[in-house]
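> Below: one structure in structure tokens.
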Amino acid sequence: MAYQIDNAIVKKDRTGKLTLIDPEGNFQDEDAFIAVKSDDLITIQLLINSIMNNDFKSWRELGVIPETEPIKSLLPRLGYSKEDIAKLLKEF
């Protein structure tokens, strides 16, 4: 079972004006938004799906994670191969 995070694109032009690109209308009634880099959003989506598919033993074995370590490093540290990550990507 894959969990999907609602998302849209916030585009900034040369003058700094922001435009919301939301073809699915997920945010039509929202007044405030949070911007997240695309790579980080994909990583968060993958982590959520891996949590839902994981028995949490691997998470406990990670120990203390330095705050300076990028979130992208968690999947390989959890033992996910490139093939595993590709499979997770196909789920959403």
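> Any residue in region 9-20 that's without any contact (Cβ under 8 Å) to a residue 60 or more places away in the chain and closer than 17 Å to Lys37 by Cα: show its pairings with residues that are part of a strand (DSSP E or B) and among the hydroxyl-bearing types (Ser, Thr, Tyr) at Cβ separation under 6 Å, as long as the two are six or more apart or on different chains.
Hits for this filter: Lys11/Thr19.
> Filter region 1-32 down to the residues that are closer than 25 Å to Lys87 by Cα and not in a strand (DSSP E or B) and list them by number.
Within region 1-32, Met1, Ala2, Tyr3, Gln4, Ile5, Asp6, Asn7, Ala8, Glu24 qualify.
> Out of region 25-79, which residues are of a type in the set (Val, Ile, Thr), within 27 Å of Ala8 (Cα to Cα) and in contact with a Leu (Cβ under 8 Å, 6 or more places away or on another chain)?
Ile42, Thr43, Ile71
> So the check is Cβ under 6 Å with 6+ separation or different chains; which pairs have a first residue in region 22-49 that's open to solvent by less than 100 Å² (accessible area, probe 1.4 Å) and a second one that's among the β-branched types (Val, Ile, Thr) and modelled with pLDDT of 80 or more?
Ala35/Val10
> I've got another one for you. I want to confirm something. Restricting to region 62-84 and keeping residues that are out of contact with any helix residue (DSSP H, G or I) (no Cβ under 6 Å at 6 or more places or on another chain) and β-branched (Val, Ile, Thr), which single residue is modelled with the lowest pLDDT?
Restricting to residues being out of contact with any helix residue (DSSP H, G or I) (no Cβ under 6 Å at 6 or more places or on another chain) and β-branched (Val, Ile, Thr), the top hit is Ile65.
> Sticking with this one: I want to confirm something. Restricting to region 57-92 and keeping residues that are touching a residue at least 40 places away in the same chain (Cβ under 8 Å) and of a type in the set (A, V, I, L, M, F, W, C), which single residue is surrounded by the most Cβ atoms within 10 Å (Cβ to Cβ)?
That would be Leu88.
The values are calculated or read from the model by the stated rules, or taken from the named source; none is laboratory data. For clarity, every value in this text was computed on a predicted model and none was experimentally measured. So basically every Cβ, Gly included, is an ideal-geometry build from the backbone, and we count neighbours across all protein chains shown. All accessible areas refer to the heavy atoms of the entire protein, side chains included, with ligands and DNA or RNA removed. Shrake-Rupley method; radii C 1.70, N 1.55, O 1.52, S 1.80 Å.
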